[in-house]
Amino acid sequence: MFELIGVAPSVLFGQMLLGLINGAFYAILSLGLAVIFGLLNVINFTHGAQYMMGAFAAWMLLNLAGVPYWAALVAVPVLVGLTGIAFERLLLSRIYHLDHLYSLLLTFGLALILEGVFRSQFGSGGQPYPNPLPGGQNLGFMFLPNYRAWVVVFSLAVCLATWFMIERTKLGSYLRAATERPDLVQAFGVNVPRMVTLTYGFGVGLAALAGVLAAPIYQVSPLMGSNLIIVVFAVVVIGGMGSILGAIVTGFGLGLVEGLTKVFYPEASNTVIFVIMAIVLLIKPAGLFGTPK
Amino acid sequence: MRRKTCLLATVAALAATPALADMSDGVIKIGVLNDQSALYADMSGQGSVWAARKAIEDFGPTAKGLKVEVVFADHQNKPDVGSNIARQWFDRDGVDLIVDVPNSSVALAVNQITREKNKVFINSGAASSDLTGKACSPNTIHWTYDTWGLANSTGKAVVKTGGSSWYFITADYAFGHALERDTEAVVLANGGKVLGKVRHPLQTQDFSSFLLQAQGSGAKVIGLANAGGDTINSVKQAAEFGITAGGQNLAALLMFVTDVHSLGLKTAQGLVFTEAWYWDLTDDDRAFAKAFAEANGGMHPSMVQAGVYSGVTHYLKAVAALGSDADGAAVVAKMKELPTDDKLFGKGSVRADGRKIHDLYLFEVKTPAESKGAWDYYKLRATIPAAEAFRPLEQGGCPLATRS
């Protein structure tokens with residue numbers, strides 16, 4: 001059996017696949033962040049908490065109302081998205097004219113409140129969520145749980161659909177135009193504030209969708225968002241703030257890098273993304289896919 | 001009548017004064033320092049604060065002329081944060097005793113500061129056996145459990161039932177290293193072998209890479225030298241990847257009842273591990289758990305929280321016997337001199353190296369069918385008698401043990 005840099009190829013392929021699976025979560029979360037930043041210029045620090053709310057909403061729907069996973073996949077993004085819309089209308093929309101920092105502080109504060117409320121209600125250990133697709137396939141080099149395979153395929157589809165909608169449809173072109181010249185777009189009869197509200201709701205819905213996807217893999221825990229959000233921000237920064245394609249590509253790519261780090265030097269697996277971020281920012285300050293402003 | 005009451009009050013106050021005068025600041029101040037918000041918050045957190053208060057209430061300090069207060073803080077699992085709080089408590093706030101402190105890195109730091117300031121540290125939450133080994137201190141008592149005890153109970157039981165080859169998934173900090181080291185020694189001493197190990201950062205979400213490496217090693221047993229949320233995610237994902245179905249066994253070297261609750265019996269069933277206390281062993285334990293659950297949203301107490309109760313009780317007894325809390329080392333010496341006896345841990349003792357001695361229990365998690373209701377999770381597999389449960393005094397390398 002030949003070995004590749006000290007590791008059997010079968011193990012290496014297995015780890016790469018796992019990296020891609022984690023990358024799917026990074027991609028879908030950073031996509032939501034990128035959409036919100038790209039169109040609203042808001043750094044949405046509540047994203048991790050909204051992801052956590054998605055997981056909890058799925059858990060509550062299952063345990064309190066018997067709503068199964070597949071229905072939650074549709075219902076939860078809508079429900080949590082609506083809370084996002086309410087937040088945007090009530091608070092966020094009032095500070096668009098202020099500096100970025102204010103929206104950052106507002107969303108960060110909301111994240112702390114949400115996490116605190118869920119923690120005092122449910123404890124920090126989390127709640128179990130049953131796996132809707134138990135079992136798995138033996139690929140020869142690794143055992144691939146069915147559910148994880150589903151996560152990769154589904155996330156990829158969602159990411160591509162979002163990219164297509166924003167970059168290739170008329171609605172997307174309105175959105176992009178509205179971020180450049182809201183006054184002009186408004187003059188053409190487009191209701192820009194409503195579009196901005198819906199965009200925020202959509203970004204939040206993406207976070208909630210990732211939460212539903214994560215629930216069967218991780219515990220449904222109040223901490224799940226804060227554990228992930230810093231990494232996701234790094235992904236967005238590396239990809240280029242606001243770049244849709246950048247978020248998707250770096251999401252999957254960094255999942256892969258992290259997976260490989262877990263094989264060669266596991267102790268560094270939590271920090272490797274930040275090392276890459278530092279290097280990228282030194283070379284390309286606007287991120288890999290970002291355009292300098 | 002009023003004059004009589006006044007007189008009585010004055011006499012009572014005078015009677016109480018000598019005792020109060022010997023307490024630093026006139027009050028015994030207990031600081032509960034633990035994880036209030038992250039992965040160890042369920043098994044320690046506010047529950048430990050409640051346990052400390054309950055211990056004080058049951059002790060009845062007012063009748064004995066003592067005044068006791070409780071403060072608490074979140075160390076965020078960071079040794080620097082924990083050290084700062086400990087220093088501030090000792091220097092500025094007049095805290096006399098720090099209890100709990102899960103997370104061995106923080107505990108080792110607090111251990112050092114307590115010694116410098118000559119106060120008292122009763123550790124219930126952290127596991128590293130170094131606290132009574134090379135880092136032992138005349139000001140510290142390690143109360144509930146430690147890595148040596150866990151390793152020798154769970155490790156030995158697993159090797160003896162055929163788990164001869166091991167692969168470790170270890171949390172990459174003081175606690176994980178100590179647990180891995182102590183368990184490895186037991187595995188090797190009992191004729192087993194260790195095929196490999198992987199170390200993961202604290203608070204990792206995804207364990208699939210590590211589990212896959214463990215699976216690839218072909219080891220019969222995957223030893224989880226981690227705790228709290230890390231163990232929960234490891235166990236959950238091991239089930240997902242068909243590890244146990246594939247013939248490998250998981251050995252959770254440290255689990256708490258709150259972890260089993262989070263996982264649910266469906267995923268946790270069959271796991272075997274060691275604890276120092278379980279709420280459903282005696283009537284006193286059950287009564288304590290009932291009161292705890294009523295005050296803590298239905299949660300049941302972990303061994304760490306029970307240890308806080310037991311430790312604070314013994315501390316108060318020692319301070320009352322000594323008549324002073326000013327000299328931390330003297331209080332700890334008194335605690336070592338007096339036999340321990342409380343309703344949760346029963347009779348026991350504190351050894352010269354600061355190790356509290358009592359029985360440990362090997363539990364197995366029930367199947368959903370066996371469980372009769374909420375929080376009915378464990379069946380007792382074996383009791384490890386106090387004499388065998390902890391590392392022999394002379395083997396820890398504690399200078400206090402060799403001197404006495």
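Computed values, structure above
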{"quantity": "Stretch gain in nm, segment B:Ile357-B:Lys67, where the contour uses 0.36 nm per residue and the Cα spacing is subtracted", "calculated": "101.5 nm"}
{"quantity": "Solvent-accessible area buried by B and A, counting both chains, probe 1.4 angstrom, square angstrom", "calculated": "2600"}
{"quantity": "Average projection area in nm² (convex hull over Cα atoms of chain B, one quarter of hull surface)", "calculated": "20.3"}
{"quantity": "Lysines whose Cα lies under 30 Å from that of A:Lys170, excluding same-chain neighbours fewer than 8 positions away", "calculated": "A:Lys293"}
{"quantity": "Sequence-distant aspartates and glutamates (8 or more away, or on other chains) whose Cα lies within less than 16 Å of B:Lys372", "calculated": "B:Asp280, B:Glu364"}
{"quantity": "Local net charge near B:Thr154, Cβ-Cβ under 14 Å (Lys/Arg +1, Asp/Glu -1)", "calculated": "-4"}
{"quantity": "Largest to smallest accessible area among A:Met16, A:Met224 [probe 1.4 Å]", "calculated": "A:Met16, A:Met224"}
{"quantity": "Ordering of B:38-45, A:128-135 by burial proxy (mean other Cβ atoms within 10 Å per residue, highest first)", "calculated": "B:38-45, A:128-135"}
{"quantity": "Unit Cα scatterers, Debye sum, the range B:88-148: log10 I(q)/I(0) for q = 0.28 Å⁻¹", "calculated": "-1.21"}
{"quantity": "Cα-based Rg of chain A normalised by 2.2 N^0.38 Å, two decimals", "calculated": "1.02"}
{"quantity": "Charge sum, other residues only, whose C-beta stays under 11 Å from B:Gly192's C-beta, Lys/Arg counted +1 and Asp/Glu -1", "calculated": "+3"}
{"quantity": "Accessible surface of the range B:66-157 [probe 1.4 Å, protein heavy atoms]: carbon and sulfur percent", "calculated": "45"}
{"quantity": "Residues losing 40 Å² or more accessible surface upon assembly, the range A:9-45, compared with the chain by itself, 1.4 Å", "calculated": "A:Gln15, A:Leu18"}
{"quantity": "Alpha-carbon Rg/Rh ratio, for the range A:159-293, with Rh computed the Kirkwood way", "calculated": "1.03"}
{"quantity": "Among A:Gly136, A:Gly253, A:Gly48, residue whose mean-square fluctuation peaks in a GNM of chain A (springs only between Cα atoms under 10 Å)", "calculated": "A:Gly136"}
{"quantity": "Estimated FRET transfer efficiency when R0 is 35 angstrom, pair B:Ala293-A:Ala268 (beta carbons, to 0.05)", "calculated": "0.25"}
{"quantity": "For the protein assembly as shown, accessible area per residue (1.4 Å probe, heavy atoms of protein chains only), Å²", "calculated": "39"}
{"quantity": "Cβ-based net charge around B:Thr383, under 15 Å, with every Lys or Arg adding one and every Asp or Glu removing one", "calculated": "-2"}
{"quantity": "Descending Cα extents along the principal axes, the range A:47-136, whole Å", "calculated": "50, 27, 26"}
{"quantity": "Sulfur and carbon atoms: percent of accessible area, chain A [1.4 Å]", "calculated": "71"}
{"quantity": "Sequence-distant lysines (8 or more away, or on other chains) whose Cα lies within less than 27 Å of B:Lys119", "calculated": "B:Lys29, B:Lys54, B:Lys64, B:Lys67, B:Lys78, B:Lys134, B:Lys317, B:Lys334, B:Lys336, B:Lys343, B:Lys347, B:Lys356"}
{"quantity": "Shielding by other protein chains, B:232-242, mean Cβ within 10 Å", "calculated": "5"}
{"quantity": "D (Stokes-Einstein, µm²/s), Kirkwood Cα radius, the protein assembly as shown, 0.692 mPa s at 37 °C", "calculated": "121"}
{"quantity": "Cβ-Cβ FRET estimate between A:Leu133 and B:Asp284, R0 fixed at 51 Å, reported to 0.05", "calculated": "0.65"}
{"quantity": "Where a label projected 7 Å from the Cα of A:Ala278 along Cα→Cβ would reach, residues of the range A:223-265 with amide N under 20 Å", "calculated": "A:230-240, A:254-255, A:257-262, A:264-265"}
{"quantity": "Fraction of alpha-carbon pairs over 22 Å apart in the range A:83-179 - percent", "calculated": "64"}
{"quantity": "Shielding of A:130-141 by partner chains, average beta-carbon count, 10 Å", "calculated": "2"}
{"quantity": "Burial order of peptide ranges B:121-131, B:160-170, B:102-112 (average beta-carbon count within 10 Å, highest first)", "calculated": "B:121-131, B:102-112, B:160-170"}
{"quantity": "Surface accessible to a 1.4 Å probe, B:Ser371 within the full protein complex, Å²", "calculated": "20"}
{"quantity": "Principal axis dimensions, largest first and in whole angstrom, of the range A:113-167 by Cα", "calculated": "42, 38, 18"}
{"quantity": "Protein-only accessible surface order, largest first, of B:His142, A:His100 at 1.4 Å", "calculated": "A:His100, B:His142"}
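The values are calculated or read from the model by the stated rules, or taken from the named source; none is laboratory data. As the structure is a computational prediction, the values presented were derived from the model and not from experiment. Positions of Cβ are generated from backbone atoms using ideal geometry, with glycine treated the same way; all protein chains shown enter the neighbour counts. Side chains included, ligands, DNA and RNA excluded: accessible areas come from the protein's heavy atoms. Shrake-Rupley method; radii C 1.70, N 1.55, O 1.52, S 1.80 Å.
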